[in-house]
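The values are calculated or read from the model by the stated rules, or taken from the named source; none is laboratory data. Values in this document were obtained by computation on a predicted structure and should not be read as measured data. Cβ: placed from backbone, ideal geometry, glycine included. Neighbour counts: every protein chain shown.
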Amino acid sequence: MKMFATQALTVALFSFIWAPAIADPCAFSSDRSANFTGTIKRVVISAEAGNLKVLGNRGGGVNATGRACASSEGALARITLESRRELDTVYLTVTIGGAMSDLFSFNRYATLDLEVTVPNSAQVNITDTSGDIELRDVGSSAVVDQSGDLLVTNIKGDLEISDEAGDTRVVSVGGNVRLKDGSGNIEIEDIRGDVRIAQDTSGDISMVKVGGTADVVEDGAGNIVIREITNNVIVGKDGSGDINVSEVGSDFIVSTDSTGSILHDHVRGSVHIPAKP
């Protein structure tokens, strides 16, 4: 009975401590914003904890609006959105580092959700530590992301992504796609140029409708499904998981494969796959 009483007291105490956070997930909040007019050709964004949305529009200028959220007034005051312009380039930098000293105490948090509209022809460079990212209707782009899901749609030029953790979905890119991924599923669809996945540690890969060559240089674990490819399909080194390829305009090549089946259908060129023991 004494043990059960102790456990009940622990659960009750835990529930009491967490109750404010559950009731009010944002105890203190305030807005952050930045605005630039005129001709802007490049936007560089450095974000930290929080979700990020970057949208292209037909107008000129850059408009950034965000909501800072923190567990204390002191932490909220240290969340900043710094902005500056150099010629035709705009720099937006989210800083939460000053509030991080509060985060090592129990039930502390600090985030800034940010939405940025940019000219739809602008080149966009994003560096993000945590939180989901949505990027759409812009020019050539590069994204470096540590954690969180990533959705990229309607990019007018080339796209380069380096992602450590989280699912990645890419739809409609006018140029080439280069991607390096740690963990999480990858979905790629409707690419005008080539797709090259330099490395994928874990998670499934799906590629549909690629106007050039689909190249998976190294895959650790997860299934690979590739179809409707205009040129070649190349899988360099595959660890574990099945490979399923169909509707390929040229050759299908797998250099090395550890485990899993390899299936192919409607390949117009030659097929080179390793023999199974």
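Results for (1) modelled with pLDDT of 95 or more; (2) at positive phi; (3) surrounded by 17 or more Cβ atoms within 10 Å (Cβ to Cβ); (4) over 20 Å from the mean Cα position of the chain (by Cα), shown as yes or no for each residue.
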| residue | (1), (2), (3), (4) |
| --- | --- |
| 191 | yes, no, yes, no |
| 250 | yes, no, no, yes |
| 268 | yes, no, no, yes |
| 274 | no, no, no, yes |
Does residue 74 fit the bill of being surrounded by fewer than 16 Cβ atoms within 10 Å (Cβ to Cβ), touching an Asp or Glu at 6+ places or on another chain (Cβ under 8 Å) and not basic (Lys, Arg)? yes
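Residues that are modelled with pLDDT of 90 or more and under 21 Å from residue 144 (Cα atoms): list the strands (runs of 3 or more DSSP E) wholly contained in the range 1-114 that include at least 2 such residues.
Working: elements: 28-36, 42-49, 52-57, 62-70, 80-86, 89-95.
Per the criteria, 42-49, 52-57, 62-70, 80-86, 89-95.
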On the given criteria, is residue 206 in a strand (DSSP E or B) and either over 19 Å from the mean Cα position of the chain (by Cα) or farther than 20 Å from residue 150 by Cα (or both)? no
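Which one of 203, 239 is assigned by TED's automatic domain parsing to the domain that holds residue 162 and either surrounded by 18 or more Cβ atoms within 10 Å (Cβ to Cβ) or modelled with pLDDT of 95 or more (or both)?
Numbers: 239 fails: either surrounded by 18 or more Cβ atoms within 10 Å (Cβ to Cβ) or modelled with pLDDT of 95 or more (or both).
Answer to the selection: 203.
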